[in-house]
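Shown next, in structure tokens, is the structure this report addresses.
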Amino acid sequence: MIKYVDLSGKPFHFIGIGGIGMSALAYILAKRKLPTYGSDLKSSHITRRLEAIGAHIFWRQEAKNLELFKQTTEEQDLSVLNNSNLNLSPTAPCINIGEVTTKKHNVRLENNEGISQLPQVVCSTAINTTNSEYKAAVELGCPIFHRSDLLAALIQDYQSIAVAGTHGKTTTSSLIGFMLLEAGLDPTIVIGGEVDAWGGNARLGKSPYLVAEADESDGSLVKLLAHIGVVTNIELDHPDHYDSLDQVVEIFQVFKKNCQTLVGCIDCFTVREKLQPTISYSMNFESDAHYKVDCVDYQSNITLARVWEQGQILGQLELGLLGKHNLSNALAAVAVGRLLGLEFSAIASGIAKFEGAHRRFEYRGECNGIVFIDDYAHHPSEINATLAAAHLQTNQELSPKPHISTKNLPLKTQKNSLLIQRVVAIFQPHRYSRAQAFISEFAQSFNDADMVIVTNIYSAGESSDGQINGQQLAEAISNYHRQVYYRSSLDSVSKFLHQVLRPGDMAIFLSAGNLNQIIPELMKYYQQPHYQVLSSDIA
């Protein structure tokens, strides 16, 4: 049952406002001029973006954060910080106002308008009941919502497109959002990744349309009632929450019932047999899908295909994202665009200009002939797809197309072509439960890499039971791959890469954790004009 979220003007307080999912929701609220507060442990470009549009952020997760609301509720005549002058910058000196600890920056004591009632408190699954700030919210009697409750309320407030699926959600929802934006439909967008086109993970539009990424990881997908639902695929990806694929399917079946129209990829057996989508799409031209492609040309820097709609040719599609999986994502966008009445020319134009989301085969730079790619892949299927796309670019001499950005076309530089000879995969496993459940699948996911470096498991808050570690995963991969190396820490990974990377390499960092933190240091090292490969005996 969906909880009632009040979007009429009551304040919101996010515990953990800087998370990728939480911050997108907070951004929409703040842009809608709703009083928006939150807490986090450190400043980031995401929290700075929220502050710039009026969100007020505490830099500790503690009970005192809620005292501001408690005071102004109990003492209506108390002069408190004026909302418009409350600056909680982490670099400013601390002062005490009653029981409230905050940060001082041109502070004035004025009226308490805007914070005179208890906030609606928003949490993610990462916040547990022992969190002191959460406990304070309960004690105060604040309405408490999971972030999915707020997303559900926003989805019902618009004519919404909710994009779900085990893989491809961020790219597909971003593609659809960008396509609608380019077509002049001015959508509101809430996604789990950052896109340069709208400067982050969310944008507020003026039209009735909302595009949202819908997450199945914790079962909250069942709360969403969308006009159009999209399901890209269904696999077991979160063994920490689900015991079996059947449980995942049940969640998606409820999602289907809650959507007025379901668009689904029938290349996925589970989607085809268990969901039987209203509108289907497929990469298999022999299928009976409503939307499919032929004349597919996977080039080294673009993908071309001819699109069919129920037996009729729609036209040529050009995509700057590489790989079969991304063409499938683009086909989902075509289906949604047509459902909304867009001409194919407008759809194709938007898709051709789309540059991708951050951490989805994201080009981070090229240094001395070595290309650095950051990718969020953390499931065996995602790793397979990402490395297959990378393999398309090996032994190809490339130069940029004038109408396509170089952001997600990593083999091209502004001035020169670049020949990629070797794909080096650097993998940080994500969660002990996933590594344990899919060790056999992970072992066979790196065939399109020439070299594999594995580091220790990023726990994502899980506790290790001692049954699996990064070295065991590396050993399993080595049964299918001749060049696999294990390095236990990020520092040792970085030092090893100093030894083995060479001109012509594409280094792909595969992780949903913090592996990408070492990319800047590596790029700095390889920018040095006289760096040396230290160990020539490693092929």
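Taking the listed residues Gly168, Gly200, Gly177, Gly184, the one that is under 25 Å from Pro380 (Cα atoms) and outside the structural domain of Leu29 (by TED's automatic domain parsing) is Gly168, with no other qualifying. Examine the stretch 287-296 for a residue that is touching a Leu at 6+ places or on another chain (Cβ under 8 Å), modelled with pLDDT of 95 or more and of a type in the set (Gly, Ala, Ser), and state whether such a residue exists. No: zero hits.
Residue-by-condition table, conditions (1) closer than 27 Å to Cys259 by Cα; (2) not in a loop (DSSP other than H, G, I, E, B):
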residue	(1), (2)
Gln117	no, no
Thr130	no, no
Ala136	no, yes
Cys142	no, no
Ser148	yes, yes
Leu151	yes, yes
Leu154	yes, yes
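Pairing each residue of the stretch 330-353 that is over 19 Å from Gly264 (Cα atoms) with any residue that is of a type in the set (Ser, Thr, Tyr), provided the two are 6+ apart or on different chains, yields C-beta distances under 9 Å for Lys353/Ser405. Pairing residues of the stretch 421-445 that are without any contact (Cβ under 8 Å) to a residue 60 or more places away in the chain and buried (at least 20 other Cβ atoms within 10 Å of the Cβ) with residues that are assigned to a loop (DSSP other than H, G, I, E, B) and among the small types (Gly, Ala, Ser), at Cβ distances under 7 Å and at least 6 apart in sequence or on separate chains, gives Tyr432/Ser459; Tyr432/Ser464.
You will find that of Val307, Val271, the residue that is of a type in the set (A, V, I, L, M, F, W, C), out of contact with any Leu (no Cβ under 9 Å at 6 or more places or on another chain) and either within 30 Å of Leu418 (Cβ to Cβ) or surrounded by 14 or more Cβ atoms within 10 Å (Cβ to Cβ) (or both) is Val271 and no other. Taking every residue in the stretch 463-492 that is under 12 Å from Met451 (Cβ atoms) and pairing it with any residue that is part of a loop (DSSP other than H, G, I, E, B), at least 6 positions away or on another chain, the pairs with Cβ-Cβ distances below 6 Å are Ile477/Phe446; His481/Phe446. Quick check on Thr171: is it surrounded by fewer than 24 Cβ atoms within 10 Å (Cβ to Cβ) and either within 21 Å of Arg32 (Cβ to Cβ) or not basic (Lys, Arg) (or both)? When the stated conditions are applied, Thr171 does not pass them. The set of residues in the stretch 362-381 being among the β-branched types (Val, Ile, Thr) and over 25 Å from Phe442 (Cα atoms) consists of Ile370 alone. Within the stretch 477-506, the set of residues being part of a helix (DSSP H, G or I) and either crowded, with 19+ Cβ neighbours inside 10 Å or among the hydrophobic types (A, V, I, L, M, F, W, C) (or both) comprises Ile477, Leu490, Val493, Phe496, Leu497, Val500.
For the stretch 236-281, filtering for residues that are among the charged types (D, E, K, R) and under 18 Å from Thr172 (Cβ atoms) leaves 4.
Scanning the stretch 163-210 for residues that are charged (D, E, K, R) and assigned to a helix (DSSP H, G or I) yields Lys169, Glu182, Asp196.
The values are calculated or read from the model by the stated rules, or taken from the named source; none is laboratory data. Being a predicted model, the structure only gives us computed values, none of them experimental. Positions of Cβ are generated from backbone atoms using ideal geometry, with glycine treated the same way; all protein chains shown enter the neighbour counts.
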